[in-house]
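Below you'll find the structure, written out as structure tokens, and then a few comments.
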Amino acid sequence: MINTNLTEEEAIALQQQLRGQVIQSDRLPADIKLIAGVDVEYDKNSDVIAGAFVLLDYNTLEVVEVATHCMEVTFPYIPGLFSFREMPVLLEAWKKLQQHPDIIICDGQGRAHPRRFGLACHMGVLLDIPTLGCGKTRLSGKYEELSAERGAVSALLAEEDGEHIGNALRTQKGISPVFVSVGHKISLETATQLVLKMCIEYRLPETTRKADHYGREAFLAYKAGAGS
């Protein structure tokens, strides 16, 4: 589903082509039942990466299904092209799911990306599922300082033209914000509300926290099986 045998120039051209397919309005099902978190873990000592999809019940946030996959990375480290490194392992994990989510929250960027096409956009367009990005750090854009309370929002604006590419969102009082952006088939307002809903006790959404946990578990099992 994704070609990683590309030059840097070809990958950038593909991003620019696909970003025109991104839908920045709500195309959500009337009855949302499952919400997914995705995360990729990197091994410090090898080229192996682990991808995890975790499906949660939208209302209770209980884990419904987990799918993981480990493999060697197939695309070089190039800033702004992380989706070409991470999509292959995530798509392999996706194939193992018995059911599919209504919404995906990526641990990364969507439109808040130098070329407006981060991992959340790439995944959303390829899978044709409402997807949003929730990054731990800012990749692109600038924002005004937020107030300290939970739920405070500051617009993330592109430095070159002032485009509203995402939101800095404080999910817990006094804690550093996360950075929310549209991936596909969702509005920025809805994406921001969803991230806040998923952040019950901690800075990061439960979707991301669970995906991170199972991704690390997959790594440990893979390394144990490899005799390392």
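Here are the numbers for this structure:
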| read-out | value |
| --- | --- |
| Residue list for segment 153-169, filter: hydrophobic (A, V, I, L, M, F, W, C) and without any contact (Cβ under 8 Å) to a residue 24 or more places away in the chain | A155, L157, A158 |
| Segment 81-112, residues that are outside any loop (DSSP other than H, G, I, E, B), touching a strand residue (DSSP E or B) at 6+ places or on another chain (Cβ under 6 Å) and surrounded by fewer than 18 Cβ atoms within 10 Å (Cβ to Cβ) | E92 |
| L132 over 28 Å from T7 (Cβ atoms), in a loop (DSSP other than H, G, I, E, B) and of a type outside the set (F, W, Y) | no |
| Residue that is surrounded by the fewest Cβ atoms within 10 Å (Cβ to Cβ), among those in segment 31-45 that are closer than 16 Å to W94 by Cα and of a type in the set (D, E, K, R) | E41 |
| Residue among I200, I186 that is surrounded by 18 or more Cβ atoms within 10 Å (Cβ to Cβ), in contact (Cβ under 8 Å) with a residue 40 or more places away in the chain, assigned to a loop (DSSP other than H, G, I, E, B) and out of contact with any Phe, Trp or Tyr (no Cβ under 7 Å at 6 or more places or on another chain) | I186 |
| Among (1) within 17 Å of L55 (Cα to Cα); (2) in a loop (DSSP other than H, G, I, E, B), the one test that R138 misses | (1) |
| Selected residue (criterion: surrounded by the most Cβ atoms within 10 Å (Cβ to Cβ)) from residues of segment 6-30 that are in a loop (DSSP other than H, G, I, E, B) and without any contact (Cβ under 8 Å) to a residue 12 or more places away in the chain | T7 |
| Output for segment 69-80, where each listed residue is out of contact with any Lys or Arg (no Cβ under 8 Å at 6 or more places or on another chain) and buried (at least 19 other Cβ atoms within 10 Å of the Cβ) | C70 |
| Test: residue in segment 92-104 that is within 21 Å of E8 (Cβ to Cβ), in contact (Cβ under 8 Å) with a residue 24 or more places away in the chain and not polar (S, T, N, Q) | no |
| Meets criteria (modelled with pLDDT of 95 or more and part of a helix (DSSP H, G or I)) for K173 | no |
| Criterion: surrounded by fewer than 24 Cβ atoms within 10 Å (Cβ to Cβ), at positive phi and over 17 Å from the mean Cα position of the chain (by Cα) - qualifying residue of G141, G151 | G151 |
| Among residues of segment 46-60, those that are surrounded by fewer than 17 Cβ atoms within 10 Å (Cβ to Cβ) and among the hydroxyl-bearing types (S, T, Y), counted | 2 |
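The values are calculated or read from the model by the stated rules, or taken from the named source; none is laboratory data. Worth saying up front: this structure is predicted, and the values here are computed from it rather than measured. Counting neighbours? That spans all protein chains shown, and the Cβs are built from the backbone with ideal geometry, glycine included.
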